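To keep things clear, I will list the structure first and then write my remarks on it.
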Amino acid sequence: MTSLPRHDLLQPSLGGSARLAAAPYSLGTGMWSAFFGGPLAATALIGINAWRVGRLRRDAVWVVLLAMAYVAWTFFLHATPAGAEARSTLVSWLGSRGPAYCDRFIALMSFAGGMLLHRSEQRSADLFGLKRPNGWIMGVALIVCGVVAGDLLIFWVTR
Amino acid sequence: MSESTADHDAAATLADQRHRISELLDRRRVAHARSLLSQAFAAHPDEAELLLLGARADLLDDDHHSARRTLEHVISREPDHLGARAMLLSLLAADGELVAAEQLALSMLREHPQSAWLYAVYGRVMLQALQFPKARELAQEALRLDPHEDEALRLLALCDVVERRRGADSAALQRLLAQNPDDRQTLGLVVTALIHDGQSSAALRGARELLRADPNDAHWLAVVKALTVDTHWSLKPLWPLQRFGWGGSIALWLGGIVAVRALAQADSAAASVLSWVILGYVLYSWVWPPLLKRWLLR
């Protein structure tokens with residue numbers, strides 16, 4: 001004989017005070033925001049997507065860690081003697097835009113981290129044809145804010 | 001002829017009409033089904049099963065509004081009609097009204113707590129609402145109630161497709177294939193899993209089978225067209241980008257920059273050639289696929 005079904009599964013999960021999860025921004029929006037907007041733009045989009053898919057509380061630690069790691073890296077690179085040496089090494093390896101390439105690398109790695117973090121939500125959005133938000137407005141806003149915030153950060157650590 | 005014999009004949013005629021209309025709808029011959037429906041409605045204007053067939057015809061014509069009105073009408077007359085409520089549940093989920101879909105699923109489950117199928121249907125709503133752990137638990141609960149419930153195996157396979165890298169290897173999908181090797185929904189799941197795994201050629205073979213079985217199916221027609229473009233020989237060089245998606249793009253950019261800079265230390269002319277090759281590849285990946293798509297689907 002089959003035992004009684006689990007009644008805990010029959011508690012509603014949607015509605016009430018709980019916010020209904022929405023589709024995350026597309027991977028294209030994430031890629032281009034990270035590529036042109038830098039690590040802070042990539043990190044911000046991870047936070048925005050985490051909020052949209054209803055897992056901000058779980059992902060907040062990653063968002064804070066990524067942002068803090070980038071601030072620490074910028075401080076190291078622009079405000080310490082060891083960082084000055086690292087910058088000149090980067091320039092000798094990758095040319096005058098070496099530090100910028102390095103920033104782009106960090107941004108793309110952050111995007112890849114966000115992609116892994118939300119891969120189930122991204123696949124589900126594709127599978128069920130969930131309506132994606134317009135990536136152009138958010139993408140352009142993130143690129144502008146990411147570049148400005150990056151420059152302000154360098155200004156702040158070097159003043 | 002006695003009254004009871006006449007009633008019996010009328011019921012048999014109605015059952016026959018419903019069967020024929022249902023078969024026509026299975027084959028998506030909606031216009032023909034509608035003409036038979038209007039004849040049947042003339043004799044039985046408010047018959048619940050005929051109304052449900054009308055709602056199915058509306059759904060096939062993408063008229064969700066009309067289908068919903070019909071279903072709500074049937075439920076208002078027969079609040080316990082399981083078929084009408086199940087169809088309304090699917091319709092609510094398809095329209096993204098997940099809160100209402102959950103409420104309906106829960107009310108049905110309270111009345112039928114041993115229905116493995118209902119647990120699976122509720123799980124599908126949870127999967128659509130991005131509640132992955134609960135969707136998986138509901139699938140497992142459904143399978144505990146009935147280990148052979150197809151809908152639960154489909155849900156578990158969908159969970160695997162969404163949550164795992166190689167969804168096509170899902171154990172639930174293998175069980176479904178063993179149970180129903182000729183089932184269209186199962187083959188559809190396999191194709192979906194293969195697409196998500198980046199195995200376009202295998203997915204195209206499956207999608208063609210599905211389209212052959214139902215040439216009027218707009219969804220599989222679109223999938224076959226998209227996969228035909230993706231598997232075209234002129235796109236073979238783009239295999240890394242197709243297989244690994246944005247991860248492949250990142251690797252291309254980073255690998256390209258490092259390779260060009262490293263080569264520039266030794267031979268600047270070779271580095272220049274390499275940078276033009278990479279730029280050409282990137283342009284080809286941006287320009288050629290949309291042009292090919294237009295040309296092949298013209």
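The values are calculated or read from the model by the stated rules, or taken from the named source; none is laboratory data. Computed from a predicted model, the values in this text were never measured in an experiment. We place every Cβ from the backbone using ideal geometry, glycine too, and count neighbours over all the protein chains shown.
Scanning segment A:122-149 for residues that are more than 15 Å from the chain's Cα centre (by Cα) and within 12 Å of another protein chain (Cβ to nearest Cβ) yields A:Arg123, A:Ser124, A:Ala125, A:Asp126, A:Leu127, A:Phe128, A:Gly129, A:Leu130, A:Lys131. Meeting the requirement of 3 or more residues that are of a type outside the set (Val, Ile, Thr), surrounded by fewer than 22 Cβ atoms within 10 Å (Cβ to Cβ) and within 14 Å of chain B (Cβ to nearest Cβ), the helices (runs of 4 or more DSSP H) wholly within segment A:26-87 are A:27-37, A:56-79. All of (1) in contact (Cβ under 8 Å) with a residue 12 or more places away in the chain; (2) crowded, with 18+ Cβ neighbours inside 10 Å; (3) under 14 Å from the mean Cα position of the chain (by Cα); (4) within 14 Å of chain B (Cβ to nearest Cβ) hold for A:Ala112 with one exception: (1).
So that you can scan it fast, the table gives a plain yes or no per residue for (1) free of Cβ contacts under 8 Å to residues at least 60 places away in the same chain; (2) of a type in the set (D, E, K, R); (3) at negative phi:
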site	(1), (2), (3)
B:Ala203	yes, no, yes
B:Gly206	yes, no, yes
B:Arg212	yes, yes, yes
B:Pro237	yes, no, yes
B:Gln242	yes, no, yes
B:Ala264	yes, no, yes
B:Leu292	no, no, yes
B:Trp295	yes, no, yes
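Do the conditions hold for A:Leu94, that is, is it surrounded by 19 or more Cβ atoms within 10 Å (Cβ to Cβ), facing chain B (nearest Cβ under 9 Å) and without any contact (Cβ under 8 Å) to a residue 24 or more places away in the chain? It is true that A:Leu94 is surrounded by 19 or more Cβ atoms within 10 Å (Cβ to Cβ), facing chain B (nearest Cβ under 9 Å) and without any contact (Cβ under 8 Å) to a residue 24 or more places away in the chain. B:Asp160 fulfils the conditions (1) within 25 Å of B:Asp26 (Cα to Cα); (2) within 14 Å of another protein chain (Cβ to nearest Cβ); (3) not hydrophobic (A, V, I, L, M, F, W, C) except for a single criterion, (1). Determine if segment A:47-68 includes at least one residue that is under 30 Å from B:Val162 (Cβ atoms), modelled with pLDDT under 95 and in contact with a helix residue (DSSP H, G or I) (Cβ under 7 Å, 6 or more places away or on another chain). Within segment A:47-68, one or more residues are under 30 Å from B:Val162 (Cβ atoms), modelled with pLDDT under 95 and in contact with a helix residue (DSSP H, G or I) (Cβ under 7 Å, 6 or more places away or on another chain).
The selection criterion, being over 26 Å from B:Leu89 (Cα atoms) and either of a type in the set (Asp, Glu) or surrounded by 15 or more Cβ atoms within 10 Å (Cβ to Cβ) (or both), holds for B:Leu14.
If we scan segment A:7-16, do we find a residue that is in a helix (DSSP H, G or I), out of contact with any helix residue (DSSP H, G or I) (no Cβ under 7 Å at 6 or more places or on another chain) and free of Cβ contacts under 8 Å to residues at least 12 places away in the same chain? The answer is yes, given that some residue of segment A:7-16 is in a helix (DSSP H, G or I), out of contact with any helix residue (DSSP H, G or I) (no Cβ under 7 Å at 6 or more places or on another chain) and free of Cβ contacts under 8 Å to residues at least 12 places away in the same chain. Taking the conditions (1) in a helix (DSSP H, G or I); (2) more than 8 Å from every other protein chain (Cβ to nearest Cβ); (3) free of Cβ contacts under 8 Å to residues at least 24 places away in the same chain in turn, B:Pro79 satisfies each one other than (1).
You will find that of B:Ala226, B:Ala222, B:Ala207, B:Ala193, the residue that is away from chain A (no Cβ under 14 Å) and assigned to a helix (DSSP H, G or I) is B:Ala207 and no other. Return yes when B:Ser268 is hydroxyl-bearing (Ser, Thr, Tyr), within 14 Å of chain A (Cβ to nearest Cβ), closer than 30 Å to A:Val91 by Cα and surrounded by 15 or more Cβ atoms within 10 Å (Cβ to Cβ) and no when it is not. Judged against the criteria, B:Ser268 is not a match. Here A:Ala21 passes the criteria (1) within 14 Å of chain B (Cβ to nearest Cβ); (2) more than 20 Å from B:Ile250 (Cβ to Cβ); (3) crowded, with 19+ Cβ neighbours inside 10 Å; (4) free of Cβ contacts under 8 Å to residues at least 60 places away in the same chain except the one numbered (4). The single residue among B:Ala218, B:Ala178 that is small (Gly, Ala, Ser), surrounded by fewer than 20 Cβ atoms within 10 Å (Cβ to Cβ) and closer than 30 Å to B:Ser285 by Cα turns out to be B:Ala218.
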